[in-house]
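Report on one structure; see the data block that follows.
The values are calculated or read from the model by the stated rules, or taken from the named source; none is laboratory data. The structure displayed is predicted, hence computed values, not measured ones. Heads up, the Cβs are rebuilt from the backbone with ideal geometry, glycines too, and the neighbour counts pull from every protein chain shown. Ligands, DNA and RNA are excluded from the accessible area calculation, which covers all protein heavy atoms including side chains. Shrake-Rupley method; radii C 1.70, N 1.55, O 1.52, S 1.80 Å.
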Amino acid sequence: MLTALLIGIPLAGAALALAIRADGARRVLLIGAAAGHAALTGLVCARRPGPIAGGWLGAGDLECLFLAITSALFVAAAVYAVGYLRREGATTHADIEEGMLFRNAPEAVFTACLLLFLGAMTLTILSRHLGLLWVAMEATTLASAPLIFFHRHHRSLEATWKYLVVCSVGIALALLGNFFVVVAAEGAGPLAMTFPALTARAAALQPVWLKAAMALMVVGYGTKMGLAPLHTWLPDAHSESPSLVSALLSGALLNCAFLAILRMTGVCVAAGLGGFAREMLIALGLVSMGLAATFIIAQPDYKRLLAYSSVEHMGILSLGVGLGGVAAGGALFHAVNHSLVKAALFLAAGNLLAAYRTKQAAQTRGALRLAPWTGFVWIAGFLAITGAPPFGTFVSELTILRGAVEGGHVAVAAVYLLLLSVIFVAMAAQVLPMAWGEAPETAPGADGDSRPAEAASAILPSLALLAVALALGCWIPGWLAGTLRGAAQTVGGLWP
Amino acid sequence: MTDILILLAFLTNLKLLGSSRMYACLQATAAQGVLLAALPVVAEGGMADTRLMVTALASGLLKGALLPWLLLRAVRGADVRRELEPLVGYTLSLIAGAGMLAVSVWLAWRLPLPAGTPALLVPVAFFTLMVGLFVIIARRKAATQVLGYLAMENGIYAFGLALAHREPLVVELGILLDVFAAVFVMGITIHHINREFDSIDTGRLSALKD
């Protein structure tokens, strides 16, 4: 009942959002739905209701972990959205890069799609059935495409088209992978296509088909997760969509795809094909980190910079799961930290965009003076995302390193450390001057409201997310450690 | 009888690869969808159970009528009778098709298939999937790319047919719903592309790069 309600709230909210005419009431609805979803998530995580719908939906450790991240991020994004929508409105705007005029999508459609997106992500996380998981995953693509096309101009249109085609094609390959699993289970007698059932009977699955299925799913869901070289949609979609949407895409959606790969890895490990799956994930992880490092160096656009940093962190997650053992537990914890920090950074990027009206890092200087809170979040977020000590990311990246060394993958550990330090230096060179430096005499956006960026709704979500990331670096509460331990076990990993 | 249907579905792929006319490609994809939807019913000699009938009917209506109609609506007003400058020419596409066919047959021969699968079905399924992917890459009109996506989906559906009795009805309908929604959203996007650029040539979508 609780589990079903969790999916029902956002969907009902989406329908209501289309029906409500008044903007104010609709914004209240958005906040209300986000808060309701968060409260229910808390309840589900605490009570752990048993699987429903014949074991197709369930909330165990793995699901609760990802559910909590998604719900927390959505609350932050919803609070931010209220201020954002008030500022953006439905009037005609001049484009900041090329100066042409454009309109925004109707606010009702935007809000409804946001809630649909939340519903689809919730269903993706809770689905333990292969087919249902696929259906929900494709639904997340379709619900989020209109969000990327909020600003109706040619660049966001291009990003939307790429996102739709690349992700739909990728996910179609995952569907073929689904069918391959069904063939693999042909000889195993009657078997429900749920992950727990498959894991329990993994030894009876035909290895050839299972291997092929795993490869297809890694390609398919890996496209959605943004693993290089399948990430091509990601920088465009993240840079052109409104910042709160980028925050959700990066912090919540990529994780959903990661979860799908995790579940499939669990089945492979149980079937004795762990080695095959792990080699693939390690290779993709290192390629993603390497490619992200290449594009982060001297990246002129700060939203694309953050997008490539997401590719990097998805690489770290894939690498951690590939290494297995302690590193897999570290990867799960890293997913939590990355989501918190990256969402905070994207929201701050939205503030910078509003204050400076440019996405060029070189023209954004002195944020600490012009918009002090945003500048503060920008610097703290930079430290957190690169894994500097007091933050949770430091702990999780270190855990993955420890897993690599303990597992005897010394070469992998060395490359991992090298890439992390290259990215640290490259990001510092781009990000720090934006915060310090000399603020322009008159900020380009200063006609009218002199400080549009520093509204409470624009700052508090980022600060709260960063505060949690900081707290996690100092102290991991017992229930979280328990959840991480349980989640790591389902993919054949450990939590130290 | 099933073999004839499968062979016809195979021929629609050649049409999709070799034709420059948008409507011909649209017809080919629609016909392919209907042929594949009819396949399981024919295989059972028309005595299929309700579950099978429901999916066949839903799939046939969707792919034969609803999706082509949606696409036609989306490109209304855009001048898309022909794909004038494909990235890969039509003769070359057909030659590539021969290569893809060889790969499909080889793949189907290598994989240990469950007993009772129609011999032609799996190679044709792989072939359809590859043709779809190829069309997405080799053509520039947004609408043609959607046709490629549909062909790909048809190929996967055809593969699923061999094992359809294992997939629950809800999931199968969910997949169809997603395909419908995907084409719907893509159709809206095409409509906007056409309004913005006065053309649905995806070669114009080239502002974003590093």
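Put simply, of A:ALA172, A:ALA145 the only residue that is touching a Cys at 6+ places or on another chain (Cβ under 9 Å), at the interface with chain B (Cβ under 10 Å from one of its Cβ atoms) and at pLDDT 90 or above is A:ALA145.
When residues in the range B:7-18 are screened for being surrounded by fewer than 22 Cβ atoms within 10 Å (Cβ to Cβ) and in contact (Cβ under 8 Å) with a residue 60 or more places away in the chain, 4 of them pass.
Inspect all residues belonging to the range A:327-345 and state whether any of them is open to solvent by 10 Å² or more (accessible area, probe 1.4 Å) and within 14 Å of chain B (Cβ to nearest Cβ). Within the range A:327-345 (the criterion being open to solvent by 10 Å² or more (accessible area, probe 1.4 Å) and within 14 Å of chain B (Cβ to nearest Cβ)), the answer is no, since none of the residues qualifies. Within the range B:132-170, if we keep just the residues that are out of contact with any strand residue (DSSP E or B) (no Cβ under 7 Å at 6 or more places or on another chain) and outside any helix (DSSP H, G or I), the residue that is farthest from the other protein chains (Cβ to nearest Cβ) turns out to be B:ARG139. Scanning the range B:171-187 for residues that are of a type in the set (A, V, I, L, M) and at the interface with chain A (Cβ under 8 Å from one of its Cβ atoms) gives B:VAL171, B:ILE175, B:LEU177, B:ALA181, B:ALA182, B:VAL185, B:MET186.
Every listed requirement among (1) crowded, with 22+ Cβ neighbours inside 10 Å; (2) of a type in the set (A, V, I, L, M, F, W, C); (3) at the interface with chain B (Cβ under 10 Å from one of its Cβ atoms) is met by A:ALA78 save one, (3).
Taking the conditions exactly as written (within 14 Å of chain B (Cβ to nearest Cβ) and surrounded by fewer than 24 Cβ atoms within 10 Å (Cβ to Cβ)), does A:THR294 satisfy them or not? So A:THR294 passes the test.
One residue stands out among those in the range A:124-142 that are open to solvent by 10 Å² or more (accessible area, probe 1.4 Å) and either modelled with pLDDT of 95 or more or under 30 Å from B:SER206 (Cα atoms) (or both): the one that is farthest from the other protein chains (Cβ to nearest Cβ), which is A:ALA139. Tallying residues that are open to solvent by 10 Å² or more (accessible area, probe 1.4 Å) and at the interface with chain B (Cβ under 10 Å from one of its Cβ atoms) within the range A:181-192 yields 5. Inspect the range A:247-269 for any residue being farther than 24 Å from A:ALA343 by Cβ, touching a Gly at 6+ places or on another chain (Cβ under 7 Å) and open to solvent by 10 Å² or more (accessible area, probe 1.4 Å) and give the result as yes or no. Yes, because at least one residue in the range A:247-269 is farther than 24 Å from A:ALA343 by Cβ, touching a Gly at 6+ places or on another chain (Cβ under 7 Å) and open to solvent by 10 Å² or more (accessible area, probe 1.4 Å). Of the set (1) free of Cβ contacts under 8 Å to residues at least 40 places away in the same chain; (2) away from every other protein chain (no Cβ under 14 Å), all apply to B:LEU120 but (1). Would you say A:THR374 is of a type in the set (Ser, Thr, Tyr) and either in a loop (DSSP other than H, G, I, E, B) or at pLDDT below 90 (or both)? No: the conditions fail for A:THR374. Of everything listed in (1) crowded, with 24+ Cβ neighbours inside 10 Å; (2) away from chain B (no Cβ under 11 Å), the single unmet condition for A:ARG201 is (1). Only one entry in A:THR3, A:THR92, A:THR41 is among the hydroxyl-bearing types (Ser, Thr, Tyr) and surrounded by fewer than 17 Cβ atoms within 10 Å (Cβ to Cβ), namely A:THR92. Looking only at the range B:135-149, decide whether some residue is hydroxyl-bearing (Ser, Thr, Tyr) and more than 22 Å from B:ARG21 (Cβ to Cβ). Within the range B:135-149 (the criterion being hydroxyl-bearing (Ser, Thr, Tyr) and more than 22 Å from B:ARG21 (Cβ to Cβ)), the answer is no, since none of the residues qualifies. A:LEU101: more than 11 Å from chain B (Cβ to nearest Cβ) and at pLDDT below 85, yes or no? Judged against the criteria, A:LEU101 is a match. Residue count for the range A:154-169, restricted to those that are more than 7 Å from chain B (Cβ to nearest Cβ) and open to solvent by 10 Å² or more (accessible area, probe 1.4 Å): 2. Between a residue in the range B:190-210 that is within 20 Å of A:THR232 (Cβ to Cβ) and within 7 Å of chain A (Cβ to nearest Cβ) and any residue that is of a type in the set (S, T, N, Q) and open to solvent by 50 Å² or more (accessible area, probe 1.4 Å), which pairs come within a Cβ distance under 6 Å, given they are 6 or more apart or on different chains? The qualifying pairs do not exist here. At least 3 residues being under 30 Å from A:LEU157 (Cα atoms) and modelled with pLDDT of 90 or more is the threshold, and among the helices (runs of 4 or more DSSP H) wholly inside the range A:179-268 those reaching it are A:207-225, A:233-240, A:243-248. Across the range B:89-104, the qualifying residues are those that are in contact with a Phe, Trp or Tyr (Cβ under 8 Å, 6 or more places away or on another chain) and open to solvent by 20 Å² or more (accessible area, probe 1.4 Å), and the one among them that is farthest from B:ALA37 (Cα to Cα) is B:ALA96.
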